[in-house]
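Note sheet for the following structure.
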Amino acid sequence: AAVHNYFAHRAEITNLEFKRLLAQGRASLAIGLIFLSVCLVLSKVVLGYQNGAWAVVTREGLTIVGWVAMWRPMQIYLYDWWPLRRREHTYEKLSHMPVEIEVRAREEGELKSQAPSHSQPKLAPGNKP
């Protein structure tokens, strides 16, 4: 039961991480879209009618910076969620797997299976329980 509960708990934690990642993605997407819009508007309205070298460089720079701001939201929505979903699925499967515990002791060069004992451990001389 402890093994099943552990992996069920890990699956829940991973699901919460996934939801948090999507919330971060939504916030990043909103910020990125607003920033991209501002950059594109600035490049067209303010510098759109100028043809000098600096105006062209600034206009292209604003366009590039606006699209770079979209990097993180796109990374979240395209790539970052896959490992979390895969890990959650693995934990979910492990939470339902059959578990068998077997204790083995080494005696005279061979392994022998024995039932777990609940006796008190032996203490070294001079140690008190």
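A few remarks follow.
- Answer residue from the range 51-88, given it is closer than 30 Å to VAL3 by Cβ and free of Cβ contacts under 8 Å to residues at least 12 places away in the same chain and is nearest to the chain's Cα centre (by Cα) among those: PRO83
- Candidates ALA2, ALA30, ALA11: the one that is modelled with pLDDT of 95 or more and not acidic (Asp, Glu) is ALA30.
The values are calculated or read from the model by the stated rules, or taken from the named source; none is laboratory data. Fair warning: this is a prediction, and the values are worked out from it, not measured in the lab. In this analysis, Cβ positions are derived from the backbone assuming ideal geometry, glycine residues included, and neighbour counts consider all displayed protein chains.
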